[in-house]
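Okay, so here's the structure we're looking at.
The values are calculated or read from the model by the stated rules, or taken from the named source; none is laboratory data. Quick caveat: nothing in here was measured; it's all calculated off a predicted structure. Ligands, DNA and RNA are stripped out before the accessible areas are found, and what is left, the full protein with its side chains, is counted by its heavy atoms. Shrake-Rupley method; radii C 1.70, N 1.55, O 1.52, S 1.80 Å.
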Amino acid sequence: MKKQILSLAVVALLAFAVQSCEKKEPKPAEDELTLGNKVDSLTTDIEEVKDSAVTKTEKAAEDVKDATQKAADDVKEAAKKAAEKAEAAAKAAKDGTVKTAKDVDEALKK
């Protein structure tokens with residue numbers, strides 16, 4: 001009986017040893033990156049960042065261009081309106097509609 005218990009104990013220890021050996025064996029993960037894959041991944045990341053930076057720079061340049069064009073159009077319109085007012089005041093002064101500098105100033109404000 002003692003031999004049977006001892007045999008069962010030895011079998012149990014062997015089974016436990018086999019299980020623990022199986023757990024300790026390093027198994028390479030399928031998704032583990034090799035050095036080459038890491039380099040490829042980094043290269044791809046660098047390209048994506050570069051493309052993103054170029055896109056953002058182009059968008060910023062387009063925004064600056066649009067803002068500059070709008071400002072130029074606004075200045076052109078304001079200059080045109082000022083010239084029209086000055087011309088109207090000069091005509092009024094020439095026609096004798098206005099007689100003083102104050103009248104010319106008021107005509108310019110209109």
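The rows are residues; the columns are (1) under 28 Å from the mean Cα position of the chain (by Cα); (2) modelled with pLDDT of 90 or more.
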site: D31; (1), (2): no, no
site: T34; (1), (2): no, no
site: D51; (1), (2): yes, no
site: T57; (1), (2): yes, yes
site: A60; (1), (2): yes, yes
site: A67; (1), (2): yes, yes
site: K76; (1), (2): no, yes
site: K80; (1), (2): no, yes
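Considering only residues that are among the polar types (S, T, N, Q) and part of a helix (DSSP H, G or I), look in region 48-97 and name the one that is least open to solvent (accessible area, probe 1.4 Å).
S52
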